[in-house]
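*Asks:* The structure's right below; bear with me while I get my questions together.
The values are calculated or read from the model by the stated rules, or taken from the named source; none is laboratory data. Since this is a predicted model, take the numbers as computed values, not measurements. Here the Cβ positions follow ideal geometry from the backbone for every residue, glycine too, while neighbour counts run over all protein chains shown.
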Amino acid sequence: MAAMHSPHDAPDPALPDFRTQPRAFLQALFEAAVRSAQPLHGMRAWLPAPPRGRTLVLG
């Protein structure tokens with residue numbers, strides 16, 4: 001889980017500055033959210049090896 005940050009923390013250098021590049025900042029936030037929502041990014045390490053034959057996954 002990500003650490004909580006206070007408003008006084010230094011901004012993330014990987015993100016554009018929201019004061020000077022608000023559109024780029026919001027786009028970077030959106031892309032980070034979509035990337036983190038992809039199931040295989042966070043679950044791949046927890047999945048067992050694929051079984052032989054046909055597999056049907058219901059969810």
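*Asks:* Find all pairs meeting these conditions: Cβ atoms under 9 angstrom apart; at least six residues apart or on different chains; first residue within region 9-22 and exposed (fewer than 10 other Cβ atoms within 10 Å of the Cβ); second residue modelled with pLDDT of 70 or more and not in a loop (DSSP other than H, G, I, E, B).
*Replies:* Cβ pairs passing all conditions: ALA14/ALA28; ARG19/PHE25.
*Asks:* Tell me which residues, restricted to region 42-56, are in a helix (DSSP H, G or I) and surrounded by fewer than 10 Cβ atoms within 10 Å (Cβ to Cβ).
*Replies:* Within region 42-56, MET43, ARG44, ALA45, TRP46 meet the criteria.
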